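The values are calculated or read from the model by the stated rules, or taken from the named source; none is laboratory data. These numbers come from a predicted model, not from an experiment. Neighbour counts run over all protein chains shown; Cβ positions are idealised from the backbone, glycine included.
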Amino acid sequence: MFDYSLAHWATYLTAAVLLNISPGPDMAFILGQTAKGGIKSGFAAMFGIWTGALIHVVFAALGLSAILVTSAVAFSTVKWIGAAYLIWLGIQALKSKGSNISVREQESPKGLRKVFKQGVLVAVLNPKVAVFFFAFLPQFVEVGAGPVSAQLFFHGILIIAVAGLIEPPLILIGGKLTAYLNENTKLSCWLDRGLGALFIWLGIKLATID
């Protein structure tokens, strides 16, 4: 099982790296939470995003993602829910006055659970991710290498594994800036406004997906 050629591995892993370093809602959310709440908050966001991605991988492996491709109603429903959620996050960030941004608050168990749940929803409510997994993963299924569902799941997990090599260092680097931001209320306020505008833009962009 999973007997692939060197060319297969090289092509897939290269694609996985490029996909993980490309900017998008997931990366923006992780780095934004790192800047706001510190390293622990960033990792909570990261694990939330990974959990949401894992759900999409399981759906793709089971063939359920096909529903989002073949059903316009299902695609539109998930798309609008995801867009609304991103815009809601953006509005909440715009309303922040900056003074309530503290590492201590974000690193509390309650705060970290909240960030984790937000990360899961950001990933799960993005139908583009489901469509991506459904369209991308089958390209690397090879006859005789194992059951199709197992190959889809394996390749999907590899994308998350590659993210595990790329995203933690970015969080650690971003965490070094947190102490300064928390001491500068005015700057943290403008950071929140910038993040809010970013999330609203991402929500609008998601809503315009055909």
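Whenever a residue of segment 179-207 is over 22 Å from A130 (Cβ atoms), its partners that are at pLDDT below 75 and of a type in the set (D, E, K, R), lying with C-beta atoms within less than 7 angstrom and at least six residues away or across chains, give the pairs C189/K97.
When the residues of segment 40-77 are narrowed to those that are surrounded by 19 or more Cβ atoms within 10 Å (Cβ to Cβ) and of a type in the set (V, I, T), which ends up modelled with the lowest pLDDT? Steps first, answer last, please.
Taking segment 40-77 and keeping what is surrounded by 19 or more Cβ atoms within 10 Å (Cβ to Cβ), we get 40-46, 48-50, 52-53, 56-57, 59-61, 65, 68, 75.
Those still in the list that are of a type in the set (V, I, T) too: 49, 57.
Numbers: I49: 94, V57: 89.
My answer is V57.
Scanning segment 85-110 for residues that are surrounded by fewer than 16 Cβ atoms within 10 Å (Cβ to Cβ) and at pLDDT 75 or above returns W88, I91, Q92, L94, K95. Of the candidates G82, G119, the single residue that is at pLDDT 80 or above, crowded, with 19+ Cβ neighbours inside 10 Å and in a helix (DSSP H, G or I) is G119. Looking only at residues that are among the charged types (D, E, K, R) and surrounded by fewer than 19 Cβ atoms within 10 Å (Cβ to Cβ) in segment 139-183, which one is modelled with the highest pLDDT? Here the residue is E142.
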